Amino acid sequence: MKRVDGKLRRSLYALAIASAFAAGPAMSQEGGAEPSSGGGDFGGGGDGGGGGGFFSDMGFAFSGFVRFDSAFHTDSDENPNNQRTNPFNGKTTGRSAFPANGTGALNTLPGVGATLGVPLVGQALQNAVNNLITAAPGVPSTATRNTPRGHNDWNLNQLRGKFDLGVTFSSNVQMYSSIRTIYDFGNYDEFKRSDTLDYAGNPSNPDGFNQRKVRYFEYDDYKDGGKSCLNYLEICGDNYMADFTSLYLDITAGPVLIRAGQQQIAWGQALFFRIFDVPNGLDLRRHLILDDALEEYADERVAAPGVRVTWQATDQWEADAYAQMFTPTIYPTPNTPYNVIPSQFSVHETWSDEHRGEDFNYGLRLRGNFGNWGLQFIATQRYNHEGTFRWVESGVVRDLPGLPGTGSIMAGTPLEADPTGVWSANEWFTYAGQVRLDGVEGLNTLVREFQPFTGLLTGSEVGDNITAAARELDLFFGVGGGLAALNTNGGGLRGHIIHEYHKEEIYGAGASYVVEAEPGSLLDQLIINVETSYIPERKFTEKSLSRNFIESDESVTDLVMEKYHRWFDDFPATYMVFQAIHKSDSNLFGQHLGCQGGTGGDPGTEAAATNRKTKQCTDEKKGGSTDVVLAFLQPFPNYIYRLSGAALLDVDGGLLVQGGFRWSPGNNMTFDFIYNYIDGDLYGDPNSNALQNIGWADEFVIRAAYQF
Amino acid sequence: MIITRFGRDYTRRKFLADASRGVLATGVLAPLAKTIAATGEVSKAYPDELLSIEGYTKGKIKTGDYITSANVEHVKALMQPITYQQIVKQGRKLKVVKSTTDVMRLSPWEYQEATLKNAGKAKFDEKGNVVNAADGQPWIGGNPFPDPKQGIELAAAQTLSWGRHDASFYAITAYAMRADGAPRFRYTGGWAELSAVARTTLDPKPYWPEQKDKLRFQSVFFLSPNNFRGTSFMNIWYYDHRKFPELYGYVADFKRIRQFPTDQRFEPLLPGLSLYLSDAWGTGDPLHTWSGYNIVNRGPWLCGLSESWAADAPNWEHTTHGGAQGKTFWDTNVELIPEAIMIEAQPTGFPRAPVSKKQLWFDARNQVLVGMVTYDRRGEPFRCFDGAYSLYEKGDQKVMDGKHPYWSWCHFTASDIQTGDVTRVEQVKVHDTQHKSGANDPTMYERYLTQNALRSLGTS
């Protein structure tokens, strides 16, 4: 368990003290006060009650809910990003054949050995490989990841609570806090080190706090977990977390509202598409983005300490400014059900060391309402919450099997020998395509940017020769799996990448219009909203994970049309929304479009069953990305039942459909039934649409909540 | 035995004769408005049989008695059919209290003063809006038509001022009861309304100059249960009653304020509640989005107009009875209203409304709304509303509104005639310590009626 740091802990104590202090007066007002006798007067204003004074209205309100969330996995697709559900587990995968012409042939392998003869270790490696080749010239090598294949019936089983406390000091000064607690029962096919064995039969030993054991919520320093949890005001353990989603003071002074403390900030009229909703990142650890679409990012939007000032300047115009401590988007942790980063890679998180407690995001919004018209303008300077990834030195001093002394060299590369890593070029290219990276350039960059260490390991660039890249990669992975120790079928090199954040500025403008047409017609009261933003010099992850990030000017535009329409006499109106978003440089999840469509495969080997196609990513996609949403909400009479549906189409061939049904039987109970269907291969290149990233997450969700 | 100068038949003939001539002349023995202006009370305008329950029932029901299934037949004509059915079949009962004759006890003092002061000064302009006849400006306060001649004058006055205060805040608790008598939902929240024109108490008056094109600002928000906490809606009404209000809402999940289409005024606000925005005060929509407003009936009526404040309850909670669990109906005090006027209107601005018409009952003495029934699109009775007002004084206990005791509604009941569900709503003293019922609080606008206010209320 980790704890909040001292300063924040003091804040929590302050809250507790304030709550206790508030309890007495509150009870006396709500529970025991007699009506005014002989002339009590509440007509004098918000501070009323006749008493006056700062604490005259002091009291508290407490509410919350307890909810159990379950998500049943409804198809056979498994999350490929986890060790237990890597599609290569248990599958014999071809690797490049050893050269048939015997000793010394290593130098003839395209892409390998360009630096041979120079490095000491390279010579040792060459000798070892030559011995193998001598023993079995021309024999194809194969690799079979030895991690037992998992099959999960459940994606989610979490018990959560929400505990809200409002403390009123006066009508102008209030404090709100909301604590979220989560316990994950963890009844999935969890990864254990002993699931994956090295060439000698020993349990795997991946470097990295979260790689060695499944930890659903702990996420900070990759090495040891760090001294705190990622969010401000959060405590977390392997299976639980608790955090303040709100802990702020509201001060109202005439037309000005000052909100200071831990808070979420949401801007814009568009739902789900985050054009103006830029102040906060998303915490994706619990259920990714697969909650009820109508809740938008209620559970995901990351709260952070900050100050927000909203000023109703005139009847029409409102100014809204904030300064908030930067907190990044939090991705699901490795080997958890919704993990989106392949677990063959260790992510070195930089937020805590480089940004925590130091860096702020700022923003200003102007919003005007003019009857049927509305206008919005935003300008923000922020650290992009999603950040970028690039190769980084692993720092792991561990010898390659059979090659003593190589540990210090490996530490200078982004590689680490461990069977939880990549076993074959086939696997490498498959995952490169999946995460929209260039497998060939990825190798070149790895070699080029980590000299002399990669050179000492015989690494060399291969240009755009995919065959050469495959052979070099297969050799590396074989060596990582014990090739030098005469294990020809082993594998495993882990990659190390670093997660960094960059400043950017966002400028946006939006307009809305409420259509007035024939009463009751489809067009009447249709709300049309357009928002567009421009982000100059936005940094993206480079397709080879180079330290030379992609930098480009991105524009994002969306169109939203909302309408309530009563179709049936006996049913309340149906809420319908159409949304379309166009991003010039990235997809819905922020991945740059410069490397779409790679489909894996290893042209130097026999095709593997998991990869029938072989293609590298295409050039930068022209025309940007476009996604379209259609959604509806249909309450039943008296609102006891509610039917909802949403479809998100990535026009490049991905589809997410969600159907939802809510039952509110009363007695403070609510039941939700949600079905998520995702097809990441509707048409076209599957790796060209953003939804392919989560195509494995078909599920049926049940939520049962009790509110108090 | 009570001897009456004018018997029941005389009264009925008078009401029927007026109706047949298309004439609305309130009062039976004398013109009501003139009587009120001259005496401040109504006794001289009505015969004895309309001034007490004893007189009306010839002593069969007395002040202090309960109307139950045993005696409801004597007053069946004084209530809506669904109320009668609830008394007969579900154990509902009504306690009869003394009829109020002092009109100053039937409305906020300042409102009634302004009504008397400004009598005869109002007219409809060419747009159909109520204006001060002298200068064509918006109305200047009080009831513009205290001596109504047409149904639309009753509806216009009601639409102009709902709670009859310049600003009102009601801490509310709502209960959704199932037909079988089981409680299903309990909601708490607040309702705020503030007039931009026709102000009698709050400065600036009679108009808020910068907002003279507005009629009112109104918001409703919810505090519990937790999944609705912070959810709120705000209507900004134009003075021009042909225009729909602007509607904004804070949806707690979205963490922000969004604009909503304003014509969706017939949707349940929360699960289980038989309440629409359109139902508010019987005139929840702009005046000219409905039409008709024909007077269809007149006669005595029963309604709660006094002794309804639950002064002895810590938070003004009212007690209940009836239904299978004794929780379906408010304990209600009613009194005989000598003359109520029923008008009927149709929703012309809402082609897809689930309601085909509504019938509204107004107390002829002060034109306060005393009942409503809506009909579905097939013409079948749909939902029925009854409630209770009161001065907030009981013995030596008082809640003051400036120099005078607070007058407001205390509770109301919305009955879904077709399903048997009942929604009970009461005005309580306070919720969450800070949200206190009251009137004419000058800070109300910034606390409840701006987008900043919604944002502040939107806790999460």
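The values are calculated or read from the model by the stated rules, or taken from the named source; none is laboratory data. The structure displayed is predicted, hence computed values, not measured ones. All Cβ positions, glycine included, derive from the backbone under ideal geometry; neighbour counts span all protein chains shown. Just so you know, the surface numbers come from the protein's heavy atoms only, side chains and all, with ligands and any DNA or RNA stripped out. Shrake-Rupley method; radii C 1.70, N 1.55, O 1.52, S 1.80 Å.
Within the stretch A:203-350, what whole-number % of the accessible surface is contributed by carbon and sulfur, with the 1.4 Å probe and all protein chains included in the calculation?
Carbon with sulfur: 64 percent of the solvent-accessible area.
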Completion exercise
Quick numbers on chain B, Rg and Dmax over C-alpha atoms in Å, give 21.0, 67
Practice task
Give the whole-number value, in cubic angstrom per residue, of the convex hull volume spanned by the C-alpha atoms of the stretch B:129-202.
Solution key: 132
Practice task
Identify, among A:Tyr199, A:Gly94, B:Ser195, the residue whose Cα sits farthest towards the positive end of the charge dipole of the protein assembly as shown, taking +1 on the Cβ of Lys and Arg and -1 on the Cβ of Asp and Glu, with the dipole about the Cα centre.
Solution key: B:Ser195
Handout entry: chain B - accessible surface per residue (Å², probe 1.4 Å)
Key = 33
Completion exercise
In Å³ per residue, the alpha-carbon convex hull of the stretch A:478-517 encloses 143
Practice task
Pop the C-beta distance of B:Glu113 and B:Val296 into the FRET formula with R0 = 51 Å and round what comes out to the nearest 0.05.
Solution key: 0.95
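So if I place +1 on the C-beta of Lys and Arg and -1 on the C-beta of Asp and Glu, and nothing else carries charge, what would the dipole magnitude of the protein assembly as shown be about its Cα centre? I want it in debye, nearest 20.
The dipole magnitude comes to about 3280 debye.
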Practice task
Would you mind checking which residues have amide H under 5 Å from B:Thr231's amide H? H placed 1.01 Å from N; only 5 or more apart, or other chain.
Solution key: B:Phe222, B:Ala252
Practice task
First measure r as the distance between the Cβ atoms of A:Met561 and A:Phe377, then evaluate 1/(1 + (r/R0)^6) with R0 = 22 Å and state the FRET efficiency to the nearest 0.05.
Solution key: 0.55
Problem - Coordinate range along principal axes, alpha carbons of the stretch B:81-211, Å, largest first - result: 56, 32, 30
Exercise for the section: Rank these residues by their accessible area, most exposed first, probe 1.4 Å: B:Arg298, A:Arg494, B:Arg186. Expected result: B:Arg186, B:Arg298, A:Arg494
Completion exercise
Over the stretch A:250-313, the quotient of the Cα radius of gyration and 2.2 N^0.38 Å is 1.27
Practice task
May I ask you to derive the relative contact order of chain B, considering only C-alpha pairs under 8 Å and at least 6 residues apart, and to give it as an integer percent?
Solution key: 17
Practice task
Using the Karplus curve 6.51 cos²θ - 1.76 cosθ + 1.60 with θ = phi - 60°, work out ³J(HN,Hα) for each residue of the stretch A:259-271 in order, rounded to whole Hz, and write x for Gly and Pro.
Solution key: 10, 10, x, 5, 7, 9, 10, 10, 10, x, 8, 5, 9
Handout entry: Per-residue SASA entry for B:Lys117, accessible area with 1.4 Å probe, Å² rounded to 10
Key = 150
Problem - Heavy-atom accessible surface of the stretch A:430-515: percent carbon and sulfur, 1.4 Å - result: 55
Practice task
Please compute P(r) over all alpha-carbon pairs of the stretch B:406-455, binned at 5 Å starting from zero, and give each bin as a whole-number percent.
Solution key: 5, 15, 17, 18, 16, 14, 10, 5, 1
Problem - Segments A:515-522, B:379-386, A:424-431 sorted - mean Cβ within 10 Å per residue, highest first - result: A:424-431, B:379-386, A:515-522
Handout entry: Delta accessible area of at least 30 Å² on complex formation, residues of the stretch B:179-210, 1.4 Å probe, chain isolated as reference
Key = B:Arg184, B:Phe185
Problem - With every protein chain in place, chain B: carbon and sulfur % of accessible area (1.4 Å) - result: 53
Problem - Reduction of at least 10 Å² in accessible surface, 1.4 Å probe, comparing all protein chains with the chain by itself, residues of the stretch B:239-256 - result: B:Phe244, B:Glu246, B:Tyr248, B:Asp253, B:Phe254, B:Lys255, B:Arg256
Exercise for the section: Find how many whole Å separate the alpha carbon centroid of the stretch A:197-250 from the alpha carbon centroid of the stretch B:133-173. Expected result: 63
Completion exercise
iface A-B | buried accessible area, total | probe 1.4 Å | Å², round 100 | 6900
Exercise for the section: Between the chain alone and the structure with every protein chain in place, find the residues of the stretch B:438-460 that drop at least 40 Å² of accessible area; heavy atoms, 1.4 Å probe. Expected result: B:Glu446, B:Arg447, B:Gln451, B:Asn452, B:Arg455, B:Ser456, B:Thr459, B:Ser460
Problem - Under Karplus coefficients 6.51, -1.76 and 1.60, residue-wise ³J(HN,Hα) of the stretch B:60-73 in Hz, glycine/proline x - result: 6, 10, 10, 4, x, 6, 9, 8, 10, 5, 6, 10, 5, 4
Problem - Point-to-point label distance, B:Gln137-B:Lys212, nm (Cα→Cβ direction, 7 Å offset) - result: 0.6
Problem - For the stretch A:362-502, Kirkwood radius (reciprocal of mean inverse C-alpha pair distance, Å) - result: 17.1
Practice task
Measure of size requested: the Rg and Dmax of the protein assembly as shown, with Cα atoms as the atom set and Å as the unit; please supply both.
Solution key: 36.1, 132
Handout entry: Exposure rank, largest accessible area first [B:Arg178, A:Arg703, A:Arg149; 1.4 Å]
Key = A:Arg149, B:Arg178, A:Arg703
Completion exercise
For the stretch A:419-519, the dipole about the Cα centre with charges only on Cβ (Lys and Arg +1, Asp and Glu -1), to the nearest 20 debye, works out at 600
Handout entry: Convex hull of Cα atoms in the stretch B:51-139, direction-averaged projection (nm²)
Key = 8.8
Exercise for the section: Would you tell me the accessible area of A:Asp189, worked out with a 1.4 angstrom probe on the heavy atoms of the protein chains, in Å² to the nearest 10? Expected result: 60
Completion exercise
Of the stretch B:268-296, those with amide N under 16 Å from the point 7 Å along the Cα→Cβ vector of B:Gln325 are B:272-273
Handout entry: Two-site label geometry, A:Val397 and A:Leu197: point separation in nm, points 7 Å out along Cα→Cβ
Key = 3.0
Handout entry: A:Tyr513-A:Val651 FRET efficiency (beta carbon distance; Förster radius 25 Å; 0.05 resolution)
Key = 0.50
